[in-house]
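The values are calculated or read from the model by the stated rules, or taken from the named source; none is laboratory data. Please read all numbers here as calculations on a predicted model, not as lab measurements. When we count neighbours, we look across all protein chains shown, and the Cβ atoms used for this are built from the backbone with ideal geometry, even at glycine.
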Amino acid sequence: MKAIRKSRPGKGVEITDVPKPVAKDDLVLCRVLATSICGTDVHIYNWDKWAENRIKPPMTFGHEFCGEVIEVGPKVKNIKVGDRVSAETHIPCHNCKQCKTNNMHICNNLKILGLDVDGCFAEFVAVPEICCIKQSSNLPIEACSVLEPFGNAVHAVSESNVKNKTVAIFGDGPTGLLAVLVAKAYGASKVFAIGAQDYRLELFKKMQPDYTFDARKVDPVSKIMELTNNEGVDVVLEMSGSEKAIHAGFKVVSPGGTFSFFGIPSKNIELDVADEIIFKGIKINAIVGRRMFKTWNEMAELLNSDSVDISSVITHKFRLEEIDEAMKLLEHDNIRAGKIVLIP
């Protein structure tokens with residue numbers, strides 16, 4: 001089969017033929033119908049410091065996809081040939097304390113599709129049955145391929161209890177964009193969206209937050225405090241990993257409010273734990289992926305209610321072998337796309 005491989009350390013990829021995976025034991029073999037590019041994939045493609053320390057070539061990367069089941073292993077019980085599925089990309093061990101206490105998403109021996117095992121930037125991918133989530137054939141394959149990041153947004157918003165509350169979302173990546181839709185669907189009273197990329201800021205506006213701020217041109221702290229009568233917001237969703245955004249978020253979250261971390265900083269950062277956290281009496285959430293499988297149930301409810309249009313974050317489609325062209329649109333200093341879908 002055709003696959004996009006990180007064959008060796010260094011920038012770029014190799015498009016090559018590799019053996020098709022086998023549906024053994026509890027594995028489900030899927031024909032990839034559509035797969036989308038995640039920020040993690042950009043790190044791997046560019047081979048930055050994070051990728052250098054995390055990825056062990058040769059391997060096929062990619063972890064967000066929509067697929068059709070074409071074969072199941074002998075231990076598979078609930079997935080059948082012909083099912084349309086997307087993947088929960090956390091692969092749990094089933095045996096650790098976390099797995100046995102309904103915390104499989106933070107399994108102590110966690111493996112991740114496309115990072116620790118071969119992923120879905122290929123014509124076929126093999127995924128453990130527990131990670132296969134059945135999807136309706138009514139959901140377009142492009143939208144089905146972005147359910148994993150949609151789940152990140154749902155998890156972040158759900159854990160933050162946003163109903164009837166003011167919410168500030170820092171970070172204009174696809175998960176931040178989706179978080180605007182989810183926060184509104186969950187009844188946030190007012191949503192402030194803060195970004196720093198021209199293209200993504202325009203996408204932010206299409207999600208219809210109450211206010212959108214370009215952090216390069218205005219001080220979001222001053223703006224938010226002005227618009228909230230210096231009270232700040234009830235909830236901050238930090239989706240960027242930017243040190244500057246993190247400190248801004250702590251400034252605008254009101255005493256007794258909630259601060260949810262999702263974005264990953266590129267380096268260690270220094271926090272004023274006393275003034276930024278303790279003396280404000282705030283609650284802090286650390287958001288890792290999606291809860292298995294509470295978040296997926298919440299996602300299904302949102303999709304079935306038609307209260308969110310997740311396809312609105314998808315801006316481009318390419319053939320799988322056009323990945324180099326797609327990655328050019330995701331260059332850090334000149335992002336010109338929302339979510340990009342690749343079709344094998």
Single unsatisfied condition, Ile130 versus (1) farther than 30 Å from Glu322 by Cα; (2) assigned by TED's automatic domain parsing to the domain that holds Asn95; (3) out of contact with any helix residue (DSSP H, G or I) (no Cβ under 9 Å at 6 or more places or on another chain): (3)
So, in the range 152-189, of the ones that are among the hydroxyl-bearing types (Ser, Thr, Tyr) and without any contact (Cβ under 8 Å) to a residue 40 or more places away in the chain, which residue ends up surrounded by the most Cβ atoms within 10 Å (Cβ to Cβ)? Tyr186
Quick one: Arg290 ticks every box in (1) among the basic types (Lys, Arg); (2) more than 17 Å from the chain's Cα centre (by Cα); (3) within 30 Å of Arg336 (Cβ to Cβ) bar one, so which box is it? (2)
Give me the helices (runs of 4 or more DSSP H) completely within the range 182-288, filtered to those with at least 2 residues that are farther than 24 Å from Leu329 by Cα and in contact with a Pro (Cβ under 9 Å, 6 or more places away or on another chain), ordered by residue number. 243-252
Every listed condition ((1) surrounded by 18 or more Cβ atoms within 10 Å (Cβ to Cβ); (2) over 29 Å from His316 (Cβ atoms)) holds for Gly114 save (2)
Here is a check on your reading of the model: is Gly62 touching a residue at least 24 places away in the same chain (Cβ under 8 Å), surrounded by 19 or more Cβ atoms within 10 Å (Cβ to Cβ) and closer than 29 Å to Ile287 by Cα? yes
Does the range 209-227 contain at least one residue that is under 20 Å from the mean Cα position of the chain (by Cα) and among the aromatic types (Phe, Trp, Tyr)? no
Might you let me know whether the range 135-156 holds any residue that is assigned to a strand (DSSP E or B) and either within 22 Å of Gly176 (Cα to Cα) or not aromatic (Phe, Trp, Tyr) (or both)? no
Result of the Cβ filter at 9 Å on the range 231-255, keeping first residues that are at positive phi and partners that are polar (S, T, N, Q), at least 6 apart or interchain, is Gly232/Thr166; Gly232/Ser254; Gly241/Ser266
Quick test of your reading of the structure: Ser266 fulfils all but one of (1) closer than 27 Å to His105 by Cα; (2) modelled with pLDDT of 95 or more. Name the failing condition by number. (2)
For the range 289-301, what are the residues that are aliphatic (A, V, I, L, M), surrounded by 19 or more Cβ atoms within 10 Å (Cβ to Cβ) and assigned to a helix (DSSP H, G or I)? Met299
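Yes/no matrix, rows are residues, columns are (1) among the basic types (Lys, Arg); (2) within 26 Å of Met292 (Cα to Cα); (3) at pLDDT 95 or above; (4) surrounded by fewer than 19 Cβ atoms within 10 Å (Cβ to Cβ):
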| residue | (1), (2), (3), (4) |
| --- | --- |
| Leu27 | no, yes, yes, no |
| Thr35 | no, yes, yes, no |
| Arg54 | yes, yes, no, yes |
| Val81 | no, yes, yes, yes |
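Given the criteria closer than 30 Å to Ser86 by Cα and surrounded by fewer than 16 Cβ atoms within 10 Å (Cβ to Cβ), does Asn285 qualify? It would help to see each step written out before you state the result.
Values: closer than 30 Å to Ser86 by Cα: yes; surrounded by fewer than 16 Cβ atoms within 10 Å (Cβ to Cβ): no.
The answer is no for Asn285.
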Scan of the range 302-331 for residues that are among the charged types (D, E, K, R) and either on the phi > 0 side of the Ramachandran plot or in a helix (DSSP H, G or I) (or both), ordered by number: Asp306, Glu321, Glu322, Asp324, Glu325, Lys328
Identity of the residue in the range 83-93, in a loop (DSSP other than H, G, I, E, B) and in contact (Cβ under 8 Å) with a residue 24 or more places away in the chain, that ends up nearest to Thr295 (Cα to Cα): Glu88
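Would you say Gly114 is within 13 Å of Val28 (Cα to Cα) and either assigned by TED's automatic domain parsing to the domain that holds Leu329 or in contact (Cβ under 8 Å) with a residue 24 or more places away in the chain (or both)?
Numbers: within 13 Å of Val28 (Cα to Cα): no; either assigned by TED's automatic domain parsing to the domain that holds Leu329 or in contact (Cβ under 8 Å) with a residue 24 or more places away in the chain (or both): yes.
So Gly114 does not fit the description; no.
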Inspect the range 92-102 for any residue being hydrophobic (A, V, I, L, M, F, W, C) and surrounded by 21 or more Cβ atoms within 10 Å (Cβ to Cβ) and give the result as yes or no. no
